[in-house]
Structure formats: structure tokens, C-alpha cells
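Input: a single structure, listed below in C-alpha cells.
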Amino acid sequence: MIPKLRNFKVSLIVGSISAWGILLVSCVMTDRTVVAPPQVAGAKFVGSEECVQCHEEITKGFESSTHAKIMIAGENAKGLGCESCHGPGSKHVETGGATGTIVNPRKSPETCFQCHLDKRGEFSLPHSHPVLAGHMSCVDCHDVHKGDAIRGSGASLESQNETCTRCHTAQKGPFVFEHEAMREGCTVCHNPHGTVNAKMLLDRDANLCLRCHLAHPAVAGTIVPLTGDHGSPSDHTSRLEAGTCWSAGCHEAPHGSNANAHLRY
């Protein structure tokens with residue numbers, strides 16, 4: 001029995017090694033899409049060090065950014081840095097920053113979509129910010145040169161909500177009766193890149209509200225949402241059948257109200 005067991009173990013090890021070998025070879029031989037930097041006719045890569053000479057205010061915080069992770073030192077990696085998004089910069093340097101000698105991602109989201117393919121898909125959904133139409137750009141909301149690229153994050157004095165309320169001023173408040181969700185951020189309810197739901201909501205019905213206002217069966221067959229600080233809970237079973245929480249004459253001021261604690265208006 002012992003020799004048979006030993007032979008079985010040897011066969012198992014050899015078989016496992018062979019399987020791993022086949023897997024590794026298949027990985028090496030598989031064709032993959034390679035993300036290439038945008039191109040500028042007649043220009044060559046000069047390295048991010050050249051950019052610092054004129055753009056020190058922008059580059060000084062770049063090492064803290066998530067985009068800095070793609071930077072690699074060395075002669076063969078000059079395109080992995082500033083030029084991975086702005087294209088080769090030799091013409092830009094030679095002409096002293098002439099117009100049209102460098103790629104400006106603010107004018108087109110295509111540079112961003114080279115890596116962020118999923119965002120192109122979200123912007124193509126029925127309800128989205130008009131980035132594809134050219135009415136706004138990715139950098140209106142994102143600061144790609146420092147931090148995690150989300151404006152108002154980290155030690156910034158501007159909150160992430162204020163990135164949204166610079167344009168959506170009516171939702172900013174302050175309100176006498178605030179919606180606690182606003183403390184957590186607009187993205188609790190909205191996907192700013194786009195969704196299939198109106199107003200870029202994450203859900204189109206009461207399920208959106210029930211993510212936080214967790215329903216629990218007080219009595220069999222009833223739906224009693226948690227109401228937070230205002231009022232006592234009540235059965236919403238028949239009310240939910242009439243429409244969404246923010247329609248049908250119910251909580252029509254979901255961002256906050258100056259008149260009603262239940263955000264009715």
C-alpha cells in the first residue's frame with residue numbers, strides 16, 4: 001500500500017506542475033490590449049522632469065496622487081508619468097508651451113477612457129452627466145494631480161458634497177430639517193457617472209430609501225421603515241404601493257426641508 005501511495009503522490013505533484021506550466025504559457029501567449037499614451041504628431045517623450053520646469057504648482061503634489069502609481073523611473077519609461085495622459089511633450093517644450101503641442105484631457109474624456117473604460121459605459125447610460133456631449137469634463141469633478149483624484153477628499157476644506165453643489169445649488173442647503181444621508185455624501189443615492197434611473201439614482205423605487213431606512217416587520221405583513229430622529233414609525237405597506245418615497249405626495253424634499261421634519265415639502 002505504501003509504494004502505491006507514494007506513486008500516487010508523485011503523479012499528483014507532476015500533474016499539478018504540468019497544469020501550472022500550461023496555465024503560465026497560456027497567460028504569456030494570450031493577446032492583451034495594451035494602453036498606449038495619446039500621441040502628438042512629430043513629438044517624442046521627454047520625461048516628467050521637463051514638465052516640472054514650468055508646471056511646478058501642479059507637479060509638486062503629484063507624488064501623493066493615485067495616478068502617480070503608474071510612474072516608473074528610467075529612460076525606457078519616460079511615457080509613464082505626465083505624458084501617459086498628455087502625450088509626448090518634446091514639441092510642447094521646444095515651442096515654450098504653444099497651443100496644440102500637448103494633449104489636454106479637459107477638452108476630451110477619451111484620454112481618461114483609455115484606462116477608465118467602465119466610466120465610458122456609465123456615461124452612455126440613459127441618465128448621466130453630459131460628459132460625452134462635451135458640456136463638462138472629468139476634471140470638473142476630479143483633481144487628477146493630487147490625492148485620490150476626488151475633489152474635496154482628504155484634508156481639503158471643501159467637502160465632497162460641495163463638488164456636486166457647486167452646480168446643484170438648490171440641493172446644498174442649509175436646511176432646518178436636514179436629510180442625514182447628506183452627511184454621508186451625494187453618492188449614497190446617486191452615481192454621478194450615470195445609471196439607468198432618472199436623476200442618476202442607484203435605485204428607481206423605495207429600495208433606494210430602504211438601504212438606510214431598514215424595513216422590519218413589526219407585525220406580519222407590514223413594512224415599518226426606521227424614521228431616524230423625527231416621529232414614530234408607522235406601517236408603510238399601502239403607501240409604498242402608491243409610488244416612490246419621494247413622490248405620491250410623500251417625502252418630496254429628499255435633500256432637506258425648511259418646513260417639514262418628514263421632508264414632505
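The values are calculated or read from the model by the stated rules, or taken from the named source; none is laboratory data. If you're wondering where the values come from, they're calculated on a predicted model, not measured in any experiment. Please note: Cβ atoms are built from the backbone with ideal geometry, for glycine as well, and neighbour counts cover all protein chains shown. Ligands, DNA and RNA are stripped out before the accessible areas are found, and what is left, the full protein with its side chains, is counted by its heavy atoms. Shrake-Rupley method; radii C 1.70, N 1.55, O 1.52, S 1.80 Å.
I need the calculated FRET efficiency for the pair A259 and K199, taking r as the beta carbon distance and R₀ as 30 Å, to the nearest 0.05. Intermediate values should be presented prior to the final figure.
Values: r = 22 Å, r/R0 = 0.73.
Given R0 = 30 Å and the Cβ-Cβ separation, E is 0.85.
Which pairs, out of K119/K199; K146/K199; K60/K199; K60/K91, put more than 26 Å between their alpha-carbon atoms? Please report the intermediate quantities before stating the final value.
Numbers: K119/K199 17 Å; K146/K199 29 Å; K60/K199 37 Å; K60/K91 23 Å.
From K119/K199; K146/K199; K60/K199; K60/K91, over 26 Å: K146/K199; K60/K199.
DSSP loop GluC sites (Glu not before Pro) in segment 80-161 with at most 15 other Cβ atoms within 10 Å of their Cβ, which ones?
Working: sites: E83, E94, E110, E122, E158; in loops: E158.
Listed in order of number, the matching sites are E158.
To the nearest 10 square angstrom, what accessible area does H255 show with a 1.4 Å probe?
60 Å²
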